[in-house]
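A.B. asks: Right, I'll just put the structure down here and ask away after.
Every number here is computed from the coordinates shown, using simple stated rules; none is lab data. As the structure is a computational prediction, the values presented were derived from the model and not from experiment. All Cβ positions, even for glycine, are placed from backbone atoms using ideal geometry, and neighbour counts span all protein chains on display.
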Amino acid sequence: MNRVLFAGDEFRTAPVLAAAFFNKSAGGAGVASAAVPGGEGHREKLQKTLGEAGLRVREIIEPSAIDLFDFDLIVFFSRQDGECHSYPPLPGMPPLLVWQCGEEFAGTNYPEMLKAVRARVTALLDQGYLTALLRSHRNSEMLLDNLQEGIIAHDLERRIFFFNKAAERITGYRRQEVLGRDCHQTFPGNFCGGKCSFCSGDCPSGLPNKPYSLLFKTVDGEERQLEMNVTGITDSGGKVQGVVASFRDFSRELALAERLGEIEQFSGIIGRDPKIQELFRTIRELADSDVPVLINGESGTGKELVAAAIHNEGSRGAKLLVPVNCGSLPDNLLESELFGHVRGAFTGAIRDKKGRFELADGGTLFLDEIGEISPAMQVKLLRVLQNNTFHRVGGEKSIKVDVRVISATNKDLREEIAAGRFREDLFYRLCVVPLILPPLRDRLHDIPLLAGHFIKRVAGEQGREELKISPEVMDILLSHAWPGNIRELQNVIRYLMVRCRAETVRPGHLPENLQAGLARSRAGEAAPPRKRKKLTVDLVRRTLAETGNNRLRAAKLLGVGRATLYRFLTANPDQFR
């Protein structure tokens, strides 16, 4: 039985008559959306007209109580312009049929009005319009229901109006449980991961412009890794009417790729090394929490890139990531930079200025080189981290912010604490979760991958062909100690892209410091050879275990170069995971 809603903004009586005639003719459930007009004699006259025609209305609903998803079709009585402003048609909502009406549908001449209504309803039923409308609507739903990707859409009030079968399968929610409900109230932690601009109550001007991943909990509490793509829904005039999101579950693919070490890139970070694969997992786990993170690593290991990944992959990704280099500013400037100042606070303060904490409100503050700040500045920072409030320099107003803090250092802060240069209480405020980034010399088999990535990037920037790295040059890259880590490797690649005009990079194209290393290596080859052992899987495995996986020491014990050991490990990847 088809449920049809008859409605009208100005026409209050015609929908009632149409619903009554529909019930008699179709044996269906015709429902009127407006109460009968009041006034002396109007109700009695309407009841008399219905009685004489043998008609009755099943149900009359006030417009504010209507749930559109209870109906199969909406018939809207409109003036001659044919517009319906009350029920804008959106995908997934019931089909909307607008009846343009003249004066015969107004006034109190109910017998004449019934005659006009009867003609419209008869045409709707006898000429097959109702069947055609419903079939078209169901065919559209069938198409979307057979997609493998989940589809969810909501209007400007965040009310969900479409939820396909794949969305049911992936999330565990049934569409009857979510249709018509507020997206934020339906799903714990916001379905979009907090990256849709509706999360702050704004118009969708800040929707993500590319797919992103998020961790989602199903109705049964099972965690699934989803890839989400969110876009605005616009009408023919370009006006935004809502948001549609497509998503897929790649939890199994991700788990399998992690086991096989096949994930080479995640949120801008590149690497196959097990330490980097573990870093990828940790970033995903940290992304949707707000705990402070302390990133420790040598200069050039990518600490800011990791901070950006944690921020971008989490619910704060739609807000700002605000970096501050704590080691580059003296105390007075750092305080103003962090907390802002008011006009006249010091010489040169000609206007009020927001600090980085205010700019990062709702987002993330990245405190780079945190180990460089003075004891006095440590006290001020600790106070802010304890209660999330501060005063601008020279100001009296207390300002409260919601900021996640990620900090980074290349120092061992525990040694700094022991030496009395860093506060222990501040350390524990900053280091709820520690992240240690490995130096490049401890992840040598990522060098070909990183070098290839940098070559492709620079070649794209310069509009030239990509260079090939000869085996001799790769051996030199693998033998280098890389004190500047990934940043140094990137600079070397940029140098080669300028220096080398041939297709293949040869040793003579390398910077002087790497060529000096090559000369030392050749001198070592000219010396009496060390006793070299034949490399076997068992021998290499025992040697690595003996040296705590230190490949440089293992190579020395085996009597081979690091490049030779690397090539053996690369040739037997399954034996050394």
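A.B. asks: In nm, what is the difference between 0.36 nm times the number of residues separating Asp402 and Asn387 and their Cα-Cα distance?
C.D. replies: Details: separation 15, 0.36 × 15 = 5.40 nm, distance 1.01 nm.
In short, 4.4 nm is gained.
A.B. asks: Let me ask something additional. Which pairs in the list Lys353/Lys400; Lys239/Lys353; Lys319/Lys397 are over 27 Å apart, alpha-carbon to alpha-carbon?
C.D. replies: On the way: Lys353/Lys400 16 Å; Lys239/Lys353 36 Å; Lys319/Lys397 24 Å.
Distance filter (> 27 Å) returns Lys239/Lys353.
A.B. asks: Between Arg281 and Asp70, what's the calculated FRET efficiency when r is the beta-carbon distance and R0 is 30 Å? Round to 0.05.
C.D. replies: 0.10
A.B. asks: Moving on to the next point. So what is log10(I(q)/I(0)) for region 265-436 at q = 0.14, 0.15, 0.17, 0.20 1/Å, when the Debye sum runs over its Cα atoms only?
C.D. replies: Log10 of I(q)/I(0), two decimals: -0.74, -0.84, -1.05, -1.37.
A.B. asks: Subtract the Cα-Cα distance of Ala481 and Asn513 from 0.36 nm times their separation in residues, and report this length gain in nm to one decimal. Can you show the working numbers first?
C.D. replies: Numbers: separation 32, 0.36 × 32 = 11.52 nm, distance 1.10 nm.
Taking 0.36 nm per residue and subtracting the Cα distance, the gain is 10.4 nm.
A.B. asks: At Ser374 and Glu472, where each label point lies 7 Å from the Cα along Cα→Cβ, what is the point-to-point distance in nanometres?
C.D. replies: 5.5 nm
A.B. asks: State, to one decimal in nm, how far the label point of Arg252 lies from the label point of Val432, with both points 7 Å from Cα in the Cβ direction.
C.D. replies: Simple spin-label model gives 3.5 nm for this pair.
A.B. asks: Which length gain, in nm to one decimal place, applies between Asp352 and Asp538 when the Cα-Cα distance is subtracted from 0.36 nm times their residue separation?
C.D. replies: On the way: separation 186, 0.36 × 186 = 66.96 nm, distance 6.74 nm.
Separation in residues times 0.36 nm, less the Cα-Cα distance, equals 60.2 nm.
A.B. asks: Give me the mean projected area, in nm² to one decimal, of the convex hull enclosing the Cα positions of region 441-526.
C.D. replies: Numbers: hull surface 21.7 nm².
Result: 5.4 nm².
A.B. asks: Quick one: if you stick a label point 7 Å off each Cα along the C-beta vector at Thr547 and Lys210, how many nm between them?
C.D. replies: Label-label distance for Thr547 and Lys210, simple model: 3.8 nm.
A.B. asks: Oh, and also: Among Leu450, Tyr495, Ser470, whose Cα sits farthest toward the positive end of the charge dipole of region 441-526 (+1 at Cβ of Lys/Arg, -1 at Cβ of Asp/Glu, about the Cα centre)?
C.D. replies: Looking along the dipole axis, the top candidate is Tyr495.
A.B. asks: Within 10 Å, count the other beta carbons around each residue, average over each peptide in 445-458, 161-174, 387-400, and list them highest first. Don't skip to the end; give the middle numbers.
C.D. replies: Details: 445-458: 17.9, 161-174: 19.9, 387-400: 14.2.
Ranking the peptides 445-458, 161-174, 387-400 by packing returns 161-174, 445-458, 387-400.
A.B. asks: Neighbouring Cβ atoms within 10 Å as the yardstick, rank Phe11, Phe187 fewest first. Mind showing how you got there, number by number?
C.D. replies: Details: Phe11 22, Phe187 19.
By the 10 Å Cβ count, ascending, the order reads Phe187, Phe11.
A.B. asks: Given R₀ = 41 Å, what would the calculated FRET efficiency be for Asn2 paired with Ser289, taking r from the Cβ atoms and rounding to 0.05? Show your work: numbers first, answer last.
C.D. replies: Values: r = 49 Å, r/R0 = 1.19.
Once the sixth-power term is evaluated, E becomes 0.25.
A.B. asks: Ile295's amide H: which non-local residues (gap 5+, or another chain) put their own amide H closer than 5 Å, with H modeled 1.01 Å from N in plane and none for Pro or chain starts?
C.D. replies: HN-HN under 5 Å from Ile295: Ser407, Ala408, Thr409, Leu435.
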